[in-house]
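Heads up: the structure comes next, in structure tokens.
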Amino acid sequence: MRLKTRIICTLFAAFAFTFSATVAAKELRLGLIVPGSHAWTVAASAMGDELEERSDGNYSVSIFPAGQLGSEAQMMQQLQTGALDMAFLTAAELTNSVTDFGTLFAPYLVTDVKQAGELLGGPAAQSLLDRLPRKTGTIGLGYGIAGMRLMLTAFPADSVNSLGGRKIRVTPFAPVQDFYQILGAAPTPMPLPAVYDALANGQVDGIDADLELVWKLKLYERGDTMLYSKHMMFPVVGLISGRLWAQLGEEDRTLIAKVAKKHLNNLFGQYSEIEATMLENLQQTDIDVIEVDSEFFEGKLKQWEEIWLKKGSFLKDLRSEADELQ
Ligand code: BEZ
């Protein structure tokens with residue numbers, strides 16, 4: 001081939017590559033641990049629809065719920081290598097990379113999901129997202145929430161002492177395990193997909209969960225008492241792979257970040273309604289629904305605070321921001 005022809009071929013190939021990179025539609029793969037019917041999955045799907053519409057079809061989102069891509073830890077690794085584009089992960093999972101995320105699980109930090117939205121939109125929680133790129137190689141696009149935490153037990157539970165020595169399923173993360181340890185229970189780490197069977201076959205005596213899970217996963221079928229304690233909030237964080245982020249132009253980054261944050265933040269309002277409906281549903285079942293507050297724990301929760309204050313000063317800042325919302 002003559003030199004001139006080779007240059008023309010090279011130029012044509014470069015043009016074709018640039019053109020196709022501009023117009024090729026990108027399918028973003030998004031993983032979650034929660035089932036397809038869960039509000040986080042519904043939010044991810046609404047985010048995908050809006051992104052597709054606002055990008056004129058340049059971006060679409062394929063959703064992999066119910067831990068199809070593995071545990072949250074595995075999804076985090078996939079985000080880091082670029083094998084996965086996006087994920088909605090529990091803030092608890094992020095505690096493994098940035099310990100201070102654990103402070104978001106401080107008992108009775110907020111009273112309800114609405115207040116959780118206010119706190120998570122504030123400077124302290126936002127500063128945690130800013131640490132993610134350096135610590136995890138992922139970008140935090142925003143916070144959402146699940147329902148406030150409660151306890152469903154397979155035995156009649158009427159006092160904090162009745163939890164003593166009982167095996168309680170927890171999300172496998174330190175802040176939640178610490179909570180049950182100080183109550184004298186035996187926290188048993190277990191990911192969400194395994195919970196129904198574990199409660200059914202007596203592997204655990206009770207579970208830490210929320211109203212939506214107890215209803216949608218039919219966990220009440222295996223319960224005796226539901227202590228509706230609202231003892232912790234349970235944030236979710238929308239993440240995108242740092243490797244993918246580095247390849248995106250400014251305009252695409254702005255669009256993805258804006259749409260993701262909007263649909264994650266919508267969860268704060270949605271959960272007020274979801275919780276009211278699920279509570280009504282569960283009150284119609286055979287389980288005893290008992291509403292309790294911080295006094296139920298008879299002063300034991302101070303120990304959680306002591307453990308987490310030893311890990312750093314972040315909890316103090318977060319608490320003072322939360323106190324201003326009361
Ligand atoms: C749980 O492990 O209890 C959980 C996980 C994701 C969303 C809500 C709850």
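Read-outs: derived from the displayed coordinates by stated rules, not from any lab. Computed from a predicted structure; not experimentally measured. Heads up, the Cβs are rebuilt from the backbone with ideal geometry, glycines too, and the neighbour counts pull from every protein chain shown.
LYS311 to ARG243: extension gain in nm, 0.36 nm per residue of separation minus the Cα-Cα distance?
Details: separation 68, 0.36 × 68 = 24.48 nm, distance 3.07 nm.
Working it through step by step, the gained length comes to 21.4 nm.
Over the chain, DSSP H runs of length four or greater, each weighted -39,500 (n - 2.57), average out per residue to a 222 nm ellipticity of -14500 deg cm²/dmol. Residues ASP56, ASP317, ASP197 in ascending order of nearby Cβ atoms (within 10 Å, fewest first): ASP56, ASP197, ASP317.
Within 10 Å, count the other beta carbons around each residue, average over each peptide in 84-90, 33-39, and list them highest first.
Details: 84-90: 25.4, 33-39: 19.1.
Per-residue mean Cβ counts within 10 Å order the peptides as 84-90, 33-39.
Peptides 107-113, 136-142 ranked from most to least packed by the mean count of surrounding Cβ atoms within 10 Å: 136-142, 107-113.
Provide the percentage of antiparallel DSSP beta bridges, counting only those with both residues in the chain; round to the nearest 5.
So the antiparallel bridges in the chain amount to around 55 percent.
Grab the Cα-Cα distance for TYR108 and GLN77, subtract it from 0.36 nm times how many residues apart they are, and report the gain in nm with one decimal.
Details: separation 31, 0.36 × 31 = 11.16 nm, distance 3.16 nm.
Here the segment from TYR108 to GLN77 would lengthen by 8.0 nm.
Under the combined filter of DSSP loop state and at most 15 neighbouring Cβ atoms within 10 Å, the stretch 272-326 retains these GluC sites (Glu not before Pro): GLU298, GLU324. Spatially, the stretch 209-275 and the stretch 69-96 are offset by 14 Å when compared through their Cα centroids.
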